[in-house]
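Structure first, commentary second.
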Amino acid sequence: MPRPIKKILIANRGEIAVRVMRACRELGIQTVAIYSDADRAALHVRTADEAYPVGPPPARESYLDIGKVLDAAKKSGADAIHPGYGFLSEKAEFARACEKAGVIFIGPPADAIDAMGDKTRARQKMMSAGVPVVPGDNGPTGRGFPSAEAALESAKKIGLPVMLKASAGGGGKGMRLVDDEKKFVAAYQGAQREAKSAFGDDAVYLEKAVIRPRHIEIQVFADSHGNVVHFFERDCSIQRRHQKVIEEAPSPAVSPELRARMGAVAVKAAAAVNYVGAGTCEFLLSETGDFYFLEMNTRLQVEHPVTEMITQRDLVRLQIAVANGDKLPFAQEDLTVHGAAIECRIYAEDPIRFLPSPGKIVQYRQPTGPYVRDDSGIYEGSEISVFYDPMISKLITWGANRAEAIERMERALMEYRVGGIKTNLAFHRRVMREADFRAGKYSTAYIEGHKEILAKPIALDEDDEALDAALAAAALHALEGGVQPTAGNGAAATATTPSTERSAWQRTTGF
Ligand code: MV4
């Protein structure tokens with residue numbers, strides 16, 4: 001029985017560091033922040049009981065420096081490290097270094113990180129465990145092909161379109177879609193080059209391409225006593241350039257029967273690598289209802305709050321309990337889906353060109369009220385740095401059903417005020433009103449297929465949303481040299497959403 005954790009160093013910054021510290025505070029656990037020179041005045045430093053500098057602003061020289069992080073752990077007397085997401089969270093080398101230093105790593109065993117880190121190995125392992133993966137070919141040695149020509153032969157057998165993916169990759173780097181034999185060799189070489197420069201490994205493998213898939217992920221949790229459960233799914237299909245923008249749970253595309261099947265598969269995947277702690281199995285869900293394992297994220301994810309809202313469980317508290325050696329305090333049968341939750345990621349970025357918008361936050365009002373949660377890493381007067389991810393908060397709402405969660409999100413988005421920098425708040429307001437989103441009809445192609453959402457932000461004091469939508473459609477028309485808004489996506493659809501009927505309220509409250 002390990003000693004109970006009394007002090008945790010959070011090897012991260014921003015909203016997730018603050019999120020972890022909140023759980024620690026509730027549990028009576030002392031918190032230690034680390035910070036780079038750019039983060040001296042950051043919210044996570046102010047939230048912690050104590051804080052240690054770890055170097056210059058570039059992450060490589062601070063948050064990613066294993067020696068400096070462990071040094072801060074030693075100085076502070078922390079008995080555990082929570083890595084958050086990103087940075088060192090999925091580095092097996094860091095998990096091993098923690099163990100060697102006698103500090104508990106709040107995450108899975110290093111071997112489980114390794115087993116899932118290499119995509120061809122993970123595919124192989126999952127196939128042996130009976131987990132469905134996308135039909136494809138890892139190459140004759142199981143790690144890529146001897147030549148582009150050999151890969152083309154395999155691609156012809158699989159049938160185009162195919163996806164070329166980096167073995168060492170993940171998250172879309174080194175990935176190419178090929179729908180034409182004539183373009184195959186160039187695409188293969190491009191994927192190899194990108195894989196080599198991004199991961200130092202040019203192995204590329206093939207998968208049949210799934211067209212307009214939904215990105216569905218299953219939250220899993222395992223303790224160190226062999227118990228594994230799942231916390232149902234999140235739908236993370238609304239992304240841009242592999243950056244998630246909106247997530248929700250449960251998925252409007254997943255029936256109770258499919259949920260149970262995908263959940264059982266995710267549990268099987270986690271058990272196959274002796275997983276411990278919080279993890280996520282990513283799946284592609286095809287238009288025909290087939291699902292395929294893609295990869296496992298061996299960390300707590302950005303979008304974990306939507307799962308917390310629908311399961312009424314605190315995933316960070318559970319991570320700490322499991323790291324302490326506790327058994328999961330419930331069984332699968334004890335978990336149920338309760339209502340619906342949506343998360344909008346609020347980014348400091350130009351809403352139309354999606355470019356980061358760093359600078360000083362001169363006004364900041366977070367929405368509150370019933371069933372609204374805003375997990376933020378900033379405060380009025382703080383700075384958004386160019387060195388890190390430009391996400392400033394995650395706005396999460398819960399509703400008894402999906403429609404209620406959307407209505408509440410619309411309301412919360414209208415309350416939100418950020419001054420001094422540009423944000424994507426208006427983009428989110430527009431999506432919440434958009435007919436396909438409201439109908440739950442979307443895929444990973446959603447943003448690409450709804451460019452009118454980007455054309456013009458929703459004004460907070462607008463008099464006539466129908467006019468606004470018509471202007472947006474006209475702007476898009478001009479922009480694209482004459483594209484008609486498709487049925488259900490354009491002005492008419494926007495004008496008939498319930499939010500229009502409430503626009504008078506929105507005008508008079510000053511929100
Ligand atoms: C795919 C796919 C279609 N078919 N694989 C993108 C990130 C990486 N984790 C896997 N990705 C994809 N793999 C096959 N065989 C489509 C994507 C994909 C995607 C997946 C999830 C969420 C957003 C996406 C956006 C574009 C492409």
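The values are calculated or read from the model by the stated rules, or taken from the named source; none is laboratory data. Since we're looking at a predicted model, the values are computed, not measured. Quick reminder, even Gly has a Cβ in these numbers, built from the backbone with ideal geometry, and neighbours come from all protein chains shown. Accessible surface is based on the protein model in full, side chains and every heavy atom, while ligands, DNA and RNA are left aside. Shrake-Rupley method; radii C 1.70, N 1.55, O 1.52, S 1.80 Å.
Counting only the Cα atoms, region 232-337 fills a convex hull of 110 Å³ per residue.
Return a whole-number percent for the relative contact order of region 204-319, with Cα pairs under 8 Å and 6 or more residues apart as the contact set. Before the final figure, lay out the partial values.
Details: 196 pairs, mean separation 33.8, N = 116.
Averaging sequence separation for qualifying contacts and normalising by length gives 29 percent for region 204-319.
For region 79-128, what relative contact order do you get, as a whole percent, if you take Cα pairs closer than 8 Å and at least 6 residues apart? If you can, show how the numbers build up before the last one.
Numbers: 41 pairs, mean separation 17.9, N = 50.
Relative contact order for region 79-128 comes out at 36 percent.
Translational D (Stokes-Einstein, µm²/s) of region 377-451 at 10 °C and 1.306 mPa s when Rh comes from the Kirkwood sum over C-alpha pairs? So the translational diffusion coefficient is about 111 µm²/s. Computed over the alpha-carbon atoms, region 319-455 gives an Rg to Rh ratio of 1.04, Rh here being the Kirkwood radius from the mean inverse distance. Ligands, DNA and RNA excluded, the heavy atoms of residue 421 present near 20 Å² of accessible surface to a 1.4 Å solvent probe. Taking packing as the residue-averaged number of other Cβ atoms within 10 angstrom, the listed peptides 129-136, 412-419 run from highest to lowest as 412-419, 129-136. From the alpha carbon centroid of region 93-144 to that of region 202-277 is 16 Å.
Is there a quick way to get the dipole size of the chain? I mean about its Cα centre, with the Cβ of Lys and Arg at +1 and of Asp and Glu at -1; what is the value in debye to the nearest 20?
On the way: 64 positive and 67 negative charges, 161 e Å.
Roughly 780 debye, rounded to the nearest 20.
With n ≥ 4 as the cut-off for DSSP H runs, can you work out [θ] at 222 nm for the chain, using -39500 (n - 2.57) per run divided by the number of residues, rounded to the nearest 500? Working shown, then result.
On the way: 20 runs with 184 residues, N = 511.
Calculated mean residue ellipticity at 222 nm is -10000 deg cm²/dmol.
Every pair of different Cα atoms in region 137-286 enters the Kirkwood calculation, which places the hydrodynamic radius at 16.9 Å. When Rg and Dmax are taken over the Cα atoms of the chain, they come to 23.1, 69 Å. Placing +1 on the Cβ of every Lys and Arg and -1 on the Cβ of every Asp and Glu, with nothing else charged, gives region 1-78 a dipole about its Cα centre of roughly 260 debye.
Can you flag which of 125/441; 244/360; 125/327; 75/422; 91/327; 165/441 are past 31 Å Cα-Cα?
125/441; 75/422
Here the relative contact order of the chain, from alpha carbon pairs under 8 Å that lie six or more residues apart, stands at 12 percent. Sorted on the mean count of surrounding Cβ atoms within 10 Å across their residues, most packed first, peptides 264-272, 439-447 read 264-272, 439-447.
The packing ranking of peptides 205-212, 324-331, 242-249, highest mean first, is 242-249, 205-212, 324-331, where packing means the average number of other beta carbon atoms within 10 angstrom of each residue.
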